[in-house]
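The values are calculated or read from the model by the stated rules, or taken from the named source; none is laboratory data. If you're wondering where the values come from, they're calculated on a predicted model, not measured in any experiment. Don't worry about glycine lacking a Cβ; one is built from the backbone with ideal geometry, like all the others, and counts go over all protein chains shown. Ligands, DNA and RNA are excluded from the accessible area calculation, which covers all protein heavy atoms including side chains. Shrake-Rupley method; radii C 1.70, N 1.55, O 1.52, S 1.80 Å.
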Amino acid sequence: MPLYEEKLISPLAIRFSQPRIRSTFRDGHTLEESLAQIATVTAPPGSSHDALLAAPFPPIEVVRWQPKLRDANGSALLDESGEAVRGEECWFTLDNRRLYCLQKAAAQALPHSAAAVVHVMYDIPTVKSIARKFKTTTSGISVKIAAHHDEAPISTWGWQALPNIAGLRAQGPCAGLCQVQVDTDTRDHALLEDAPLDGGLCIAFAVDSAKSTDDSSSASDKESTSGDDLIQPVKSNQAPAVIYEPGQTMRALIHQRPVSESLTNTGRGHQHGRRQSDKQQQHDQQHQLLLGEYLPREQNRLRAQAQQQQLHQHQQEQQLHQQQLLLEQHMMQEHMASAQHLWLLQRQQQQQQEQQLMSMQQVWMLQQQQQQQHESHQEQLPQQQAVQQKQSLFSQLQRKQHVRTKEQSSYGAPWDETGYSWVK
């Protein structure tokens, strides 16, 4: 099982893992010398990039990583709970010096898009605590170039702060910058563009292409070259030194060179190629050692991941079953509550109807009583009037009789029935 895949990606989409780098490689060559040996060649047909960067060193190893945010002193930032604050997930590399050279070459190629062959690692190796080497204080956007014992940096590199970048963005959409953004946002390595066949042989091809250039040109002259000048030998009608054809490998491209221009007939190129071959052997040996450690760990990781997935799936099923039960109980409770509420409403309506009926009965009975009283009063009224008339007549007779009695007693004359005295 391989530890990596060879892909094409813009170096400007990769970030630094360290806050500073040295100005020289371990073999004694400076960064600017290696930068001068990077060749810009045409990209394969159908590629989303305009050109490829053929470097005199092995491809860099990149990984998708979310580093800790750090302050200017390198201390990790912590949140309220004491956990380390993580930055955005991007492509990172531990080969910071090689990335510096590739980024500088890619920045010179703008506004065209220049890609480099990289080894996309499946995971960060656990040997030597590699994860602890991510100590960038700028989220990998910039890096300081300094000697080994110098505290003050010689310079600071960050391609986004270059003057021509602001000008390109002000002019409108730039193909090179758009491709950088696409590579930066690509989270899955499988979606990156595959490297050409024998992409690792771009190392020897870069040395051969650098030899074909003027040996007297310095790194400062190459820095002054614009991106259009770098791509021009590939884009113009003039045939470049080597042109990529579909189905053709990098090894076949190198064999197209005349023997007089081969690496065996160059002074430093031969030594550099042999040095790179030794480095490649050491690199392969390291990968074999890592492979022996990686396979059991990867198998255990896959087995644990499968168990976790099964457990997670079982937990999801249980949660789904519980949710269904809770939903059914909730629906049943709602149904019972709605039925009880409906019964209460009906009961209240029935009680209201009964009360209305009782009130109507009471009104009817009151009306019946009033009618009966009125009828009885109407029946008793003539009798009462007759009794009253009799009583008034009787009272009148009594008054008359009383008057007669008084007159008789006072005059001594008899009275007739009419009330008049008949004595003269």
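Residues considered: GLN353, GLN378, GLN369, GLN340. Of these, the only one that is part of a helix (DSSP H, G or I) and surrounded by fewer than 10 Cβ atoms within 10 Å (Cβ to Cβ) is GLN378. Here LYS424 meets the list (1) at pLDDT below 85; (2) charged (D, E, K, R); (3) not in a loop (DSSP other than H, G, I, E, B) almost entirely, failing just condition (3). Every test in (1) free of Cβ contacts under 8 Å to residues at least 40 places away in the same chain; (2) of a type in the set (Gly, Ala, Ser); (3) in contact with a strand residue (DSSP E or B) (Cβ under 9 Å, 6 or more places away or on another chain) is passed by ALA105 save one, and that test is (1). Going through (1) free of Cβ contacts under 8 Å to residues at least 60 places away in the same chain; (2) crowded, with 22+ Cβ neighbours inside 10 Å one by one, HIS49 falls short only on (1). GLY87 falls short on exactly one of the conditions (1) under 24 Å from the mean Cα position of the chain (by Cα); (2) open to solvent by less than 50 Å² (accessible area, probe 1.4 Å); (3) touching a residue at least 60 places away in the same chain (Cβ under 8 Å), and that condition is (3).
Every residue, every condition in (1) closer than 28 Å to ILE38 by Cα; (2) loosely packed, with under 14 Cβ neighbours inside 10 Å; (3) out of contact with any Ser or Thr (no Cβ under 9 Å at 6 or more places or on another chain); (4) at pLDDT 85 or above, yes or no:
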residue	(1), (2), (3), (4)
ILE60	yes, no, no, yes
ASN73	no, yes, no, no
LEU110	yes, no, no, yes
LYS144	yes, no, no, yes
ALA147	yes, yes, no, no
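Here LEU325 meets the list (1) at pLDDT 90 or above; (2) open to solvent by 100 Å² or more (accessible area, probe 1.4 Å) almost entirely, failing just condition (2).
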